[in-house]
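> Handing you a structure now.
The values are calculated or read from the model by the stated rules, or taken from the named source; none is laboratory data. Since the model is a prediction, treat every value here as computed from it, not as a measurement. With ideal geometry, Cβ positions are generated from the backbone for all residues, glycine too; neighbour counts draw on all protein chains shown. All accessible areas refer to the heavy atoms of the entire protein, side chains included, with ligands and DNA or RNA removed. Shrake-Rupley method; radii C 1.70, N 1.55, O 1.52, S 1.80 Å.
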Amino acid sequence: MKRIGVFTSGGDAPGMNACIRAVVRGAVYHGIEVFGIRRGYSGMIAGDVYKMESYSVSNIVQRGGTILKSARSKDFMTPEGRKKAYENLMELGIEGLVAIGGNGTFTGAMIFGNEYGIPTVGAPGTIDNDLYGTDYTIGFDTAVNTALDAIDRIRDTASSHDRIFFIEVMGRDSGYIAVQSGIAGGAELVMVPEVLTPISEVVETLKQGWSRSKSSSIIIVAEGDEEGSAQEVAEKIKAQVDENADIRVTTLGHTQRGGPPSAYDRILASRLGLGALEGLIAGQKNVMAGIINNDLVYTPFEDTIRLPKPINEDLLRMVKILSV
Ligand code: F6P
């Protein structure tokens with residue numbers, strides 16, 4: 001393999017830059033030419049591509065976001081869009097791809113690989129940590145720490161005013177950010193999409209807290225929870241508890257997507273970027289590089305897309321015990 005392309009796609013995640021850096025520097029080390037493709041599949045279709053050198057990735061290991069920019073391309077979902085992308089890659093002589101992203105990114109790569117045979121190796125980049133085939137995804141640790149910082153701050157004011165706070169964290173259909181930030185932030189309860197927490201249980205938890213003279217509470221709601229958004233959950237609770245209960249809602253939103261990556265994410269991203277590149281060189285295709293039990297592993301895209309990544313229910317049980 002003489003020439004490859006690298007791109008980021010889907011929601012950005014802190015550590016994506018460290019991953020791009022590892023791919024580019026790894027390629028330079030192995031004597032392979034590397035092209036950066038801007039805005040993911042959109043750039044592939046538009047031919048928005050540039051040659052990257054070692055210096056192209058200087059001074060980015062510490063930066064959030066992605067220097068290659070990111071997008072969710074509708075055109076790549078069409079056969080015409082993928083044909084155009086293929087023609088552009090052929091024109092440039094690109095023989096393999098490193099795709100940094102999540103489920104949607106790998107679904108696109110798998111279809112493209114099956115249609116045109118271009119080998120692609122993925123590196124999991126998403127704050128959601130919802131990918132089978134790796135213990136952690138790039139950006140998750142930073143997002144948890146960002147959420148935790150906000151939770152700690154909210155706890156101060158919640159305690160001063162004897163308030164109940166419902167804090168909504170991101171994760172799409174996954175409760176990983178909620179569980180980890182909830183444990184670290186000492187939340188009273190964590191509501192996640194994987195396990196139903198009925199409103200009655202939330203009410204019961206609050207009432208038990210009051211009976212033990214607890215004057216403030218923090219409830220973390222994952223954005224994909226079945227009972228609704230943090231705002232909706234708060235409305236339901238208001239209707240069922242003491243009318244004097246002082247309830248507030250905070251949605252952390254995209255703050256969780258930005259900021260400098262944690263040391264953990266920079267190291268993970270470096271390992272996965274280099275792992276994806278060296279996998280590609282060794283002949284891997286249509287697989288995602290992941291780290292499981294500290295070992296580098298490759299999992300077929302098909303499995304990362306299809307198989308669920310279950311949440312550890314023991315952790316949810318622990319939240320309840322520790323909030324007694
Ligand atoms: O997948 C990352 C993520 O931040 C999810 O947690 C969230 O549901 C979604 O992306 C938000 O997407 P957008 O940035 O397009 O609003």
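> Could you list, in sequence order, all residues of the range 297-315 that are more than 18 Å from the chain's Cα centre (by Cα) and β-branched (Val, Ile, Thr)?
Hit for the range 297-315 is VAL297, nothing else.
> Which of the residues that make up the range 26-45 are assigned to a helix (DSSP H, G or I), free of Cβ contacts under 8 Å to residues at least 40 places away in the same chain and away from the ligand (no atom under 16 Å from the Cβ)?
The answer is VAL28, TYR29, GLY43.
> Could you count how many residues in the range 226-243 are among the hydrophobic types (A, V, I, L, M, F, W, C) and within 16 Å of the ligand (Cβ to nearest atom)?
1
> Applying the selection to the range 130-141, what residues are closer than 14 Å to GLY15 by Cβ, open to solvent by 10 Å² or more (accessible area, probe 1.4 Å) and not aromatic (Phe, Trp, Tyr)?
Matches in the range 130-141: ASP141 only.
Residue-wise test of (1) closer than 22 Å to TYR132 by Cα; (2) without any contact (Cβ under 8 Å) to a residue 40 or more places away in the chain; (3) not hydrophobic (A, V, I, L, M, F, W, C).
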position	(1), (2), (3)
PHE165	no, no, no
MET170	yes, no, no
ASP173	yes, no, yes
TYR176	yes, no, yes
VAL202	no, yes, no
LYS207	no, yes, yes
SER211	no, yes, yes
GLY224	yes, no, yes
